[in-house]
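Have a look at the structure below before the remarks.
The values are calculated or read from the model by the stated rules, or taken from the named source; none is laboratory data. This one's a predicted model, so the numbers in the text were calculated from it and none came from an experiment. For neighbour counting, all protein chains shown are included, and Cβ atoms are generated from backbone atoms with ideal geometry for every residue, glycine included. In case anyone asks, the SASA skips ligands and DNA or RNA and just uses the protein heavy atoms, side chains included. Shrake-Rupley method; radii C 1.70, N 1.55, O 1.52, S 1.80 Å.
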Amino acid sequence: RYEPTWGSLDARPLPAWFDEAKFGVFIHWGVFSVPSFGSEWFWWYWQKEKREPYVKFMDANYPPGFSYEDFGPLFTAELFDPNQWADILKTSGAKYIVLTSKHHEGFTLWGSKYSWNWNAVDVGPKRDLVAELATSVRNRTDLHFGLYHSLFEWFNPLFLEDATNAFNTSKFPTSKSLPELYEIVTKYQPEIIWSDGDGNAPDTYWNSTGFLAWLYNDSPVRDTVVTNDRWGAGSICAHGGFYTCSDRYNPGRLLPHKWENCMTIDRGSWGYRRDARLRDYLPIEDLVKQLVETVSCGGNLLMNIGPTHDGRIAVVFEERLSQVGSWLQVNGEAIYGTKPWRAQNDTVTPGVWYTFTPKEGKVNAIFLNWPVSGILELGEPRAKPGETQVKLAGYRELLKWVALGEKGMVIALPQLTPQQMPCQWGWTLQLTDVD
């Protein structure tokens, strides 16, 4: 049994499925999807920081005295089809999803008894959105279902009172935040609890270790659940299951601890925003590059989309997810279930990243640029004449290669028309019998 101490909790082995999965989809959905302007931090930027674009947007488009709470009934989700979402997520090649069950605005996407009249069953959709998506994902896919939960809430009077008392009182976590966490785990049995938003309060205020000890010892998901590192000020990148360290974290080198790169397809926001331009969305080439770099360095990629207030996954997000999925259909063996190799990227040719497939003892060299010469030089692998074989994923014939002294090899790529290419945006060489 795990004790409610970081020493004990941090010693828990990470369930193997998470490392093998490599790729997940993050979904930021909530009342912020109604104004869908600027950022999911809309309420904070408008009311607290009084940022000019937000104040002007409200003055121009809403009557005087209109409050953020008035957006609640407008979060309607009338076009939300959980089966369609599940199918889109499956097509992406992702192995898990993380849905925002509650963001910093405090609105819960399930009918929480601790969030009276500020939840999706009492207000707006009048539906349990968490339950509907969980059911569809579990019925139609083999994806692991996870939930994001914000510890703090920007404007909750109980939290503000505790903050005024320098967190020496704990009215908010005991009456709101912790009961919600127990509620979602018991009700929906998520296999990831993605905690966030410590409000600058220490983990002792949140009683994070007490909750995690229950989660790992006695909860219905104790054997499979995975947690992140955002459990109070000072715990990020230091305690918990996998490390996130910061948003869009991509160190470009191998880390000693399992980590995740959570990032957004929309460069500027996690929630949907109507004011986004095409150039704000990362192109597929960038997304493949992020995936390859992250997995090569031992991380998982959690790629975020933001649905609309009426429950649609915008076509641009659907397209990106389906492109990643089509790339993974060809190159998935170099991603799923792999381990980091002794070298993460190539020393001679830039844009080449390595992974290792332990089952077949294969080294995967994923190259992001197809050389004009048709010749690819690799500085890292030590080839064995007569033994080493080189294959291009999605192409039948073996490739010809020449060893370069002690270390390195030159590989002749096949001459293919664009139509004959096994895929776009990055290709995998599978090397067998190399050191």
For a test of the definition: using alpha carbon positions, the gyration tensor, and the 1.5 limit on a/c, classify the stretch 339-432 as rounded, prolate or oblate.
rounded
Positive dipole terminus of the stretch 1-92, leading residue within P63, H28, L9 (C-beta point charges)
L9
Please go through the stretch 287-354 and write out the trypsin sites (Lys or Arg not before Pro) that DSSP classes as loop and that have at most 16 other C-beta atoms within 10 Å.
R342
If each of A412 and E319 carries a label point 7 Å out from its Cα toward its Cβ, how far apart are those two points in nm?
3.9 nm
With Cβ to Cβ distances under 11 Å as the rule, what net charge do the other residues near H144 carry (K, R +1; D, E -1)?
-1
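Looking at the square roots a ≥ b ≥ c of the eigenvalues of the Cα gyration tensor of the stretch 148-209, which shape do they give, rounded for a/c under 1.5, prolate if a/b is larger than b/c, or oblate?
Prolate.
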The chain - Cys residues lacking any other Cys C-beta under 4.7 Å
C262, C297, C423
For the chain, with a Gaussian network of springs between Cα atoms less than 10 Å apart, report the residue from W110, W259, W154 with the top mean-square fluctuation.
W154
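Using the crude model of +1 on Lys and Arg Cβ and -1 on Asp and Glu Cβ, and no other charge, please compute the dipole size for the chain relative to its Cα centre, in debye to 20.
Charge dipole of the chain: 640 debye, to the nearest 20.
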With +1 on each Lys and Arg Cβ and -1 on each Asp and Glu Cβ, how big is the dipole of the stretch 339-432 about its Cα centre, in debye rounded to the nearest 20?
260 debye
How many angstrom separate the Cα center of the stretch 259-316 from the Cα center of the stretch 99-133?
24 Å
So if I take the centroid of the Cα atoms in the stretch 14-60 and the same for the stretch 338-416, what is the distance between those two points in Å?
41 Å
Within a Gaussian network of the chain (alpha carbon springs, distance under 10 Å), most fluctuating of D87, D19, D196:
D87
Under a Cβ-Cβ cut-off of 15 Å, what is the net charge of the residues other than W6 that fall near it, where Lys and Arg count +1 and Asp and Glu count -1?
-3
Please compute the net charge surrounding F26, taking Lys and Arg as +1 and Asp and Glu as -1 over other residues with Cβ under 12 Å from its Cβ.
-4
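Within the chain, which is the longest segment that contains none of the GluC sites (Glu not before Pro) sitting in a DSSP loop with at most 12 other Cβ atoms within 10 Å?
Here the longest run is 79-359.
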Taking a threshold of 31 Å on the Cα-Cα distance, which of the pairs K95/K384; K258/K362; K102/K362; K90/K384; K48/K126; K22/K187 fall above it?
K95/K384; K102/K362; K90/K384
Ranked from the most accessible area to the least, with a 1.4 Å probe and all protein chains present, what is the order of T204, T428?
T204, T428
Loop-located trypsin sites (Lys or Arg not before Pro) in the stretch 390-435 whose Cβ has at most 15 other Cβ within 10 Å (DSSP):
R396, K400, K407
Roughly how many debye, to the nearest 20, is the charge dipole of the stretch 274-420 about its Cα centre, given +1 on each Lys and Arg Cβ, -1 on each Asp and Glu Cβ, and no other charges?
280 debye
Below 8 Å, C-alpha to C-alpha, sequence gap of six or more: please give me the relative contact order for the chain in percent.
17 percent
Please go through the stretch 1-103 and write out the chymotrypsin sites (Phe, Trp or Tyr not before Pro) that DSSP classes as loop and that have at most 14 other C-beta atoms within 10 Å.
F66
